[in-house]
1. I need every pair where a residue in the range 32-61 that is closer than 14 Å to residue 122 by Cα and without any contact (Cβ under 8 Å) to a residue 60 or more places away in the chain has its Cβ under 7 Å from the Cβ of a residue that is open to solvent by less than 50 Å² (accessible area, probe 1.4 Å) and β-branched (Val, Ile, Thr), sequence separation at least 6 or different chains.
2. If you take the residues in the range 33-58 that are under 16 Å from residue 18 (Cα atoms) and open to solvent by 50 Å² or more (accessible area, probe 1.4 Å), which one is nearest to the chain's Cα centre (by Cα)?
3. Taking the criterion of being farther than 18 Å from residue 114 by Cβ and polar (S, T, N, Q), would at least one residue in the range 5-15 satisfy it?
4. State whether the residues of the range 112-119 include one that is in a loop (DSSP other than H, G, I, E, B) and farther than 15 Å from residue 12 by Cβ.
5. Kindly indicate the residue of the range 76-95 that is under 12 Å from the mean Cα position of the chain (by Cα) and assigned to a loop (DSSP other than H, G, I, E, B) and also surrounded by the most Cβ atoms within 10 Å (Cβ to Cβ) among those meeting that condition.
Amino acid sequence: MAIRKATILIDFDGTVVTHAYPEVGEDIGAVPVLKELLKQEDRLILSTMRSGEKLEAALAWFKRNGIELWAVNENPTQKEWTSSSKIHADLMIDDTALGCPTMFIDGERRPAADWRRIRELLVRIGYLD
């Protein structure tokens, strides 16, 4: 049985879409996995360096894909027990994190997150069934 109601921090560029900043990149397979996490009531926090219109474009991507974010660049509940600016989560998925499975997509210079392998890891460590 999967861990329930986990708080999961996710990056945007190179993690849920290809690297195309300041534009929004192409889908790389994150949508079905993120929806699977939401279905089991996990909370998703977008952690991104985007701001202003660039952040709005990323948020529009989540809305178009039916992925509800619990928060953006903060964990609202941690204010109750700390004033730290570091975002607390049970798990972080970020293409730049050591150990995050990545892949090169045709013609790309930088690798992006490999959601097939990320899902396999989520199952292996108990976040998904």
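1. 34/67; 35/67; 38/67
2. 49
3. Within the range 5-15, one or more residues are farther than 18 Å from residue 114 by Cβ and polar (S, T, N, Q).
4. yes
5. Taking the range 76-95 as the starting set, the residues that turn out to be under 12 Å from the mean Cα position of the chain (by Cα) are 89, 91-95.
Still in the running and assigned to a loop (DSSP other than H, G, I, E, B): 89, 94-95.
Working: 89: 19, 94: 16, 95: 23.
The selected residue is 95.
The values are calculated or read from the model by the stated rules, or taken from the named source; none is laboratory data. Quick caveat, the model's predicted, so the values are computed rather than measured. Because the Cβ atoms are built from the backbone with ideal geometry, glycine has one as well, and the counts that use them run over all protein chains shown. Remember, those area values only see protein heavy atoms, side chains included, never the ligands or the DNA or RNA. Shrake-Rupley method; radii C 1.70, N 1.55, O 1.52, S 1.80 Å.
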